[in-house]
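First, the structure itself, so that you have it in front of you.
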Amino acid sequence: MNILGIESSCDETAAAVYTGNGLRSNVIASQAVHEQYGGVVPELASRAHHKTIWATVQQSLEEAGISLDRIDAVAVTQGPGLMGSLLVGLCFAKGLCLSRGFSLIGVNHMDAHIYANFIDDEPEYPFVSLTVSGGHTQLVHVLGPFDHILLGETRDDAAGEAFDKIGKILGLPYPAGPEIDKHAKGGDPQFHDFPQAMLDNRFEFSFSGLKTSVMYYLEDREDRESFLAEHLSDVCASVSRAITEVLVKKLENAIEHTGVHTVVLAGGVSANSMLRARARQMAGEKNCQLHIPRLAYCTDNAAMIAVTGYMMGQRGMYSDMNLKPYANLAESR
Ligand code: ATP
Ligand code: MG
Ligand code: FE
């Protein structure tokens, strides 16, 4: 089964080809237009998707060495994401399916972040996923393929959102998560104790207070600029510690609660080096197998959509032409 995967939920136009022999191509066109605004502008995102989607798909087929008529099904992100952006991918996928007679598979973007772990690996069920991205922070008990129980999620900001908003306060460019990660490597994680919220709650998260606390921490300083010039890396390391300690602690709670022997990280924040290291250490102590996608499969990509589509196709989970996008995860249930 040859699957063409298409992802357009936010500001990445991406296409990938996955076959029975594994991943054959993975192409991403990132949209630079948003940088000057310090965040994604939805209308600009849909226009950029519209402009690049066909070229991106063609490039993914070329790199895979597979012509369009050898594709069996098109897997496309159905949601959650920006409505306008999702519509571009979905309409394009439907058009291809109608004109070429391909099957259509609507993929949940958050499921795809989890199943990105199956591109290079084969995690054993049941497992727990710590799904940490720009819009979500969730602990998911995965009993079997597409059989999920949500253990807990964030009550306010997502972990990636916290990195991005705190980075903005620190004057770092968007998206700030990778920037904070980079600066943190040269810093002292113990430099300052930023709050680790809701540690008394087992599976739920809250990150909006952390952002406020960083804001006050800097606001109170008259020497803000020279302080940051000297201590940016220390602040980045301390912020990263506050976020990763909470994430790893709750992942540990989930292991104890479910009794699983396998855990996976998923989503853009799983690219974070401190989180990867701390999760490895904790999983080792708990005698758990830990899987983390390689960096290119952590943030948004179409390889994860294609592999998830492949797994859905194997199970007959096809969609029809009435497939509708949804902006929020809650609408998918
Ligand atoms: P969602 O998947 O919830 O719909 P999204 O698709 O926008 O949201 P992803 O692409 O999975 O999110 O992840 C992007 C997020 O990951 C951003 O918030 C970004 O700052 C963060 N991120 C990426 N790399 C790192 C890193 N090395 N350290 C910390 N955060 C990172
Ligand atoms: Mg992005
Ligand atoms: Fe994502």
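Just so it is clear, none of the values below were taken in a lab; they were calculated from the coordinates. Note that this is a predicted model, so its numbers are computed, not measured. Glycine gets a Cβ as well: all are built from the backbone with ideal geometry, and neighbour counts include every protein chain shown.
Kindly work out what percent of the DSSP beta bridges joining two residues of the chain are antiparallel, to the nearest 5.
Percentage antiparallel, nearest 5: 60.
Over 5 Å intervals from 0, what percent of Cα-Cα pairs in segment 123-292 sits in each interval?
2, 9, 18, 22, 19, 13, 8, 5, 2, 1, 0
While we're on this one: If neighbour count is taken as other Cβ atoms inside 10 Å, put Asp188, Asp157 in order from fewest to most.
Asp188, Asp157
Right, something else. Using a cut-off of 15 Å between alpha-carbon atoms, which aspartates and glutamates can reach Lys51, once sequence neighbours fewer than 8 places away in the same chain are excluded?
Cα-Cα hits under 15 Å: Glu7, Asp11, Glu12, Glu43.
So which of Lys165/Lys185; Lys211/Lys249; Lys165/Lys249; Lys185/Lys249; Lys168/Lys324; Lys165/Lys286 end up more than 31 Å apart, counting from Cα to Cα?
Distance filter (> 31 Å) returns Lys168/Lys324; Lys165/Lys286.
Given the chain, what whole percent of its Cα pairs are spread farther than 28 Å?
The share of Cα pairs beyond 28 Å in the chain comes to 41 percent.
How do Leu98, Leu210, Leu218, Leu247 rank when sorted from fewest to most other Cβ atoms within 10 Å of their own Cβ?
Leu98, Leu218, Leu210, Leu247
Once you place label points 7 Å from the Cα toward the Cβ at Asp193 and Arg100, how far apart are they in nm?
Here the modelled spin labels are 5.8 nm apart.
Rank these for me by crowding, Phe163, Phe194, Phe207, going from fewest to most other beta carbons within 10 Å.
Phe194, Phe207, Phe163
Which FRET efficiency, nearest 0.05, do Ser67 and Arg221 yield, Cβ-Cβ r, R0 56 Å?
0.40
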